[in-house]
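See below for the structure under consideration.
The values are calculated or read from the model by the stated rules, or taken from the named source; none is laboratory data. Note that the coordinates shown come from a computational prediction; the quantities given were computed from them, not determined experimentally. Cβ atoms come from the backbone with ideal geometry, glycine included; neighbour counts cover every protein chain shown. These area figures cover heavy atoms from the full protein model, side chains too; ligands, DNA and RNA do not enter into them. Shrake-Rupley method; radii C 1.70, N 1.55, O 1.52, S 1.80 Å.
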Amino acid sequence: MKVGYIGLGIMGLPCVLNLLKAGHQVTVWARRKESAQAALDAGASWADSPSSLAQGVEVVVTNVSDTADVEAVLLGNDGVVQGASAGLVCVDMSTISPIGARAIASKLAESGIDFLDCPVSGGQVGAVNGTLTIMVGGKAEALARAKPALEAMGMTITHIGDSGAGQVAKACNQIAVGVGVAAVAEVMKLAKACGVDPVPVREALLGGFAQSRVLDIHGQRMIDDNYVPGFKAQLHLKDMGIVLDTARELGIRLPEAERVEGLIRQLVEQGEGELDSSAIARLIWQQN
Ligand code: NAP
């Protein structure tokens, strides 16, 4: 199928390579053309603007940073909406606010364009291997049309509900990951404080009820004290902001998420936003 792709970073570039590998025709646009070079070398075509990228494709995928960035490339000057024809499906794989996703969907609907919020979990490894977990919000009929493209990038594709529901699922995911990282850091802290080696503790726990990807991957990072990303703390802070803003708008408290957001914020504010967000373990270990 003919796919346009915008956002060729850690996640977007491997997704484009997988789309090409699956036989799709991919056109890309990037605000800095050098970000697109690897995709062009692999066989993607170049468009001069988001609006020209939208002409003649069936699906446009965005994988940029935050809500304002998705708005800019889809709805801004020379944005996708200006070149698109009715019937286009816009798939946004960025992690943005559920409210922002709903607003973008209704703006695009005015031009007959469908919007699916499709945030992902699985990290860079999942993007490279084409095994992402994709959480979809929007119309089932639009999902059916975009599915061949999604299947080239992800392994588990779950239709969560209406517009915004995919982003709600992603916000839930980020609470579970963040609080899980803090819990694993406390596991290590207690073991060490008791004079017990955390290495066999992690191994034992991986075979029991406390088993998790967070214990496996981030637990190993903590043992190695190696926080090369992975998932940058500054992006996790953005996501925890989405979680807490959503909770605030609904008038509910999420105290565990608040605590983790505070730790990630401290990490970013001390200039370590480029580290993997599991580096909050160091802060937890420094506390009494
Ligand atoms: P990244 O490496 O920083 O890449 C983002 C890309 O989007 C860059 O190529 C950037 O262009 C482009 N971009 C951003 N704002 C733009 C704008 N206004 N106009 C045009 N292009 C713009 O980030 P990433 O790690 O791929 O993450 C992308 C999204 O996936 C984020 O929402 C993130 O939270 C989410 N996510 C990331 C992971 C992960 O493990 N990394 C996992 C799940 C979800 P330039 O090259 O010009 O800067």
Inset, instruction - Could you state the accessible area per residue of the chain in Å², with a 1.4 Å probe and every protein chain left in place? - result: 45 Å²
Legend entry - Lys pairs under 24 Å by Cα in the chain, provided they are eight or more residues apart or on distinct chains: 18
Legend entry - Nearest-0.05 FRET efficiency for CYS172 and GLU141, computed from C-beta distance (R0 22 Å): 0.30
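Roughly speaking, what is the stretch gain from GLU151 to GLU249, that is 0.36 nm per residue apart minus the C-alpha to C-alpha distance, in nm to one decimal?
Numbers: separation 98, 0.36 × 98 = 35.28 nm, distance 3.40 nm.
Length gained, GLU151 through GLU249: 31.9 nm.
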Inset, instruction - Please list, in chain and number order, the residues 5+ apart from CYS90 or on another chain whose amide H is under 5 Å from its amide H, with Hs placed from the backbone. - result: VAL60, ASP114, PHE115, LEU116
Inset, instruction - In nm, give the distance between the simple-model label positions of ASP162 and ALA86, each being 7 Å from the Cα along the Cα-to-Cβ direction. - result: 2.2 nm
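What FRET efficiency comes out for SER49 versus ALA109 if R0 is 22 angstrom and r is the Cβ-Cβ distance? Round to the nearest 0.05. Kindly include the intermediate steps, with their values, before the conclusion.
On the way: r = 22 Å, r/R0 = 1.02.
So the FRET efficiency works out to roughly 0.50.
Could you estimate the translational diffusion coefficient of the chain from the Stokes-Einstein equation, with Rh from the Kirkwood formula over C-alpha pairs, at 25 °C and 0.890 mPa s, in whole µm²/s?
124 µm²/s
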Inset, instruction - Assuming a ≥ b ≥ c are the square roots of the Cα gyration tensor eigenvalues, decide whether the range 2-162 counts as rounded (a/c under 1.5), prolate (otherwise, with a/b larger than b/c) or oblate. - result: rounded
Legend entry - Nearest 10 degrees, 0 to 90: helix 98-109 Cα axis against the chain principal axis: 10 degrees
Inset, instruction - Subtracting the Cα-Cα distance from 0.36 nm times the residue separation, let me have the gained length for ASP78 to GLU256 in nm, one decimal. - result: 59.9 nm
Legend entry - ³J(HN,Hα), Karplus 6.51/-1.76/1.60, whole Hz, each residue of the range 174-187, x for Gly, Pro: 6, 5, 4, 5, x, 5, x, 4, 4, 5, 5, 4, 5, 4
Legend entry - Protein accessible area in the chain, 1.4 Å probe - carbon and sulfur %: 53 percent
Inset, instruction - Step through the residues of the range 246-262 one at a time and calculate ³J(HN,Hα) from phi using the Karplus curve (6.51 cos²θ - 1.76 cosθ + 1.60, θ = phi - 60°), rounding each to whole Hz and writing x for Gly and Pro. - result: 5, 4, 4, 4, 8, x, 10, 9, 10, x, 5, 5, 4, 5, 5, 4, x
